[in-house]
1. I'd like to check something: does the range 140-159 contain any residue that is more than 17 Å from the chain's Cα centre (by Cα) and either within 17 Å of Met29 (Cβ to Cβ) or buried (at least 16 other Cβ atoms within 10 Å of the Cβ) (or both)?
2. Output yes when any residue across the range 39-60 is modelled with pLDDT of 95 or more and among the small types (Gly, Ala, Ser), and no when none is.
3. Among residues belonging to the range 117-149 that are touching a Ser or Thr at 6+ places or on another chain (Cβ under 9 Å) and in a helix (DSSP H, G or I), point out the one that is farthest from Ala65 (Cα to Cα).
4. Could you look through the range 54-63, keep only residues that are exposed (fewer than 13 other Cβ atoms within 10 Å of the Cβ) and within 23 Å of the chain's Cα centre (by Cα), and pick out the one that is farthest from Ala121 (Cα to Cα)?
5. Among the residues of the range 108-165, how many are of a type in the set (A, V, I, L, M, F, W, C) and more than 30 Å from Gln92 (Cα to Cα)?
6. Scan Ile69, Ile26, Ile73, Ile20 and give me the residue that is at pLDDT 90 or above, of a type in the set (Val, Ile, Thr), within 30 Å of Asn104 (Cβ to Cβ) and loosely packed, with under 13 Cβ neighbours inside 10 Å.
7. Please determine, by comparing only the residues of the range 29-42 that are without any contact (Cβ under 8 Å) to a residue 40 or more places away in the chain and more than 16 Å from the chain's Cα centre (by Cα), which one is surrounded by the fewest Cβ atoms within 10 Å (Cβ to Cβ).
Amino acid sequence: MENRPVIQLPRSKTETVLDIISMFVIISMIAYVAYEWHDMPERMPMHFNGKGEIDGWGNKMSLMAVPLIGVIIYVGLTLLSKVPHVYNYPSQITPQNARGQYQNARLLIHSMKTIILILFAFIEWSIIQSAKEGNAELNLWVLGFILLILFGTIIFFIIRSIQLK
């Protein structure tokens, strides 16, 4: 591995806003499960196939896994954002471009964290709605839109990283 400069970067306002949104999404996920807990059936849809149809079931305790995984993702990506010098980059990191590359990569991590948590919140909401209403479909338009935003964000930051050479 190349010897990269280790730079302590201050948090940007955008990173702070994305973290606040991420925390709000996690708290909302937990609060929504708690609010709907008594109205949920014991048997919950837990997996949807590529057509959006339910193809896996679990008990309502398994629904707690969604916010728990969200918390793990939040903590893991927050910790990862603190060490941008260990990431993979599409170009060589030099003392001249390190600051820009690291800031770009950190913003990518914070953006992905927020989008992934929104995706998990949508999945949790869909699971609860499917269980309550008895419909057996995941809204593929919304899911597709969220995934498009996720992959679009990744592509945007990769292109930006290449431009920051």
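The values are calculated or read from the model by the stated rules, or taken from the named source; none is laboratory data. In this text, all values refer to a predicted model and were calculated from it rather than measured experimentally. For neighbour counting, all protein chains shown are included, and Cβ atoms are generated from backbone atoms with ideal geometry for every residue, glycine included.
1. no
2. Looking through the range 39-60, none of the residues is modelled with pLDDT of 95 or more and among the small types (Gly, Ala, Ser).
3. Here the answer is Val142.
4. Among residues in the range 54-63 that are exposed (fewer than 13 other Cβ atoms within 10 Å of the Cβ) and within 23 Å of the chain's Cα centre (by Cα), the one farthest from Ala121 (Cα to Cα) is Gly56.
5. Summing the residues that are of a type in the set (A, V, I, L, M, F, W, C) and more than 30 Å from Gln92 (Cα to Cα) in the range 108-165 gives 19.
6. That would be Ile20, the only listed residue that is at pLDDT 90 or above, of a type in the set (Val, Ile, Thr), within 30 Å of Asn104 (Cβ to Cβ) and loosely packed, with under 13 Cβ neighbours inside 10 Å.
7. His38
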